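Nothing in this text is a laboratory measurement; each read-out follows from the coordinates by a stated rule. What you see is a predicted model; the values in this text were computed from it and never measured. All Cβ positions, glycine included, derive from the backbone under ideal geometry; neighbour counts span all protein chains shown.
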Amino acid sequence: MNISWYFCETVRINWPTIQTLDMPKIFKTEDGSDTLFDPHYGEYYHSIHGSVQESNHVFIESGLKTIKNQDIIIFEVGFGTGLNAYLTALEANKTTKIIQYFAIEKHPLLKKDWENLNYPNMTADHNTGLFQQLHLAEWENKVRISLNFNLQKIEADLTEFKYHSLPGFDLIYFDAFSPVSQPELWQTEIFNQLFRQCNPGGRIVTYCAKGSVRRALIEAGFMVERLPGPPGKREMLRGSKSAL
Ligand SMILES: C[S@@+](CC[C@H](N)C(=O)[O-])C[C@H]1O[C@@H](n2cnc3c(N)ncnc32)[C@H](O)[C@@H]1O
């Protein structure tokens, strides 16, 4: 068995197979931060080895902090619990950079599903107000969350999404459920569209290191690096569009 495939598929699925009908339900991951289990896709929203740890490693450290622009356009696939948006907004508030954050989500969570997530307690800032603001922001409109962070949540299906109303992306957080449960989201056609929408020098980061995903990203035009993954996972992927 390909090891990267093994890790890609097991850190978010196959954890205690506790499934009840009234989920999504909160579970504690190994770093103490919460995640949700989605009964429809049969997957956790994050790595069972640590939600905050994974999000910081894959999206903030290997993604956001490598983009040197003053103004950064981010596109997230799967707003979900809002964890990536929250950590990104905290990071933006520590800098003079301006971030425009677009996030697509097919199944927005209800308030009862996100309001008890412990993410604000897991960060030094304990910014519960910010976390709530991200979730309460109106869908489809650009909302100023702070001086450095604007958010537009888009309720749509990625497989049917037309990007023409959005600016070019400097960074893509590709945080869909795994290729096992959602193979249609990890296809070359999807990555072709994302590649076209990327600015020169733009990047895509994902927790998944599966060989077929790497090949699909390369086919779409990205130069792809395998990077060390977060604790519990050997590798992750980062793709870059040539800066011309
Ligand atoms: C791994 S979870 C998201 C994790 C999220 N970034 C977070 O920090 O909580 C994947 C997300 O993709 C969403 N999703 C599933 N299919 C989708 C689709 N076709 N288009 C857009 N979003 C989709 C799910 O509802 C879920 O919220």
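Worth pointing out:
- Counting Cα-Cα pairs of the stretch 50-240 in 10 Å increments starting at 0 gives whole-percent bin shares of 9, 39, 39, 13, 0.
- Least to most buried among Thr96, Thr159 (fewest other Cβ within 10 Å first): Thr96, Thr159
- Net length gained if the chain between Asn116 and Trp139 were fully extended (0.36 nm per residue, minus Cα distance): 6.2 nm
- Calculated on alpha-carbon atoms, Rg and Dmax of the stretch 41-146 in Å: 13.3, 40
- Of all DSSP-defined beta bridges confined to the stretch 130-207, some 35% are antiparallel rather than parallel.
- Gain in span if fully extended, Lys94 to Leu227, counting 0.36 nm per residue against the direct Cα distance: 45.3 nm
- Summarising the strand pairing of the stretch 93-178, around 25 percent of its internal DSSP beta bridges are antiparallel.
- Averaging the Cα positions of each part gives two centres, and for the stretch 160-222 and the stretch 88-116 these lie 19 Å apart.
- Per DSSP, loop GluC sites (Glu not before Pro) in the stretch 129-191 with at most 12 further Cβ within 10 Å: Glu138, Glu140
- Dividing the alpha-carbon radius of gyration of the stretch 97-146 by the rule-of-thumb value 2.2 N^0.38 Å gives 1.22.
- Sorted on the mean count of surrounding Cβ atoms within 10 Å across their residues, most packed first, peptides 116-124, 128-136, 203-211 read 203-211, 128-136, 116-124.
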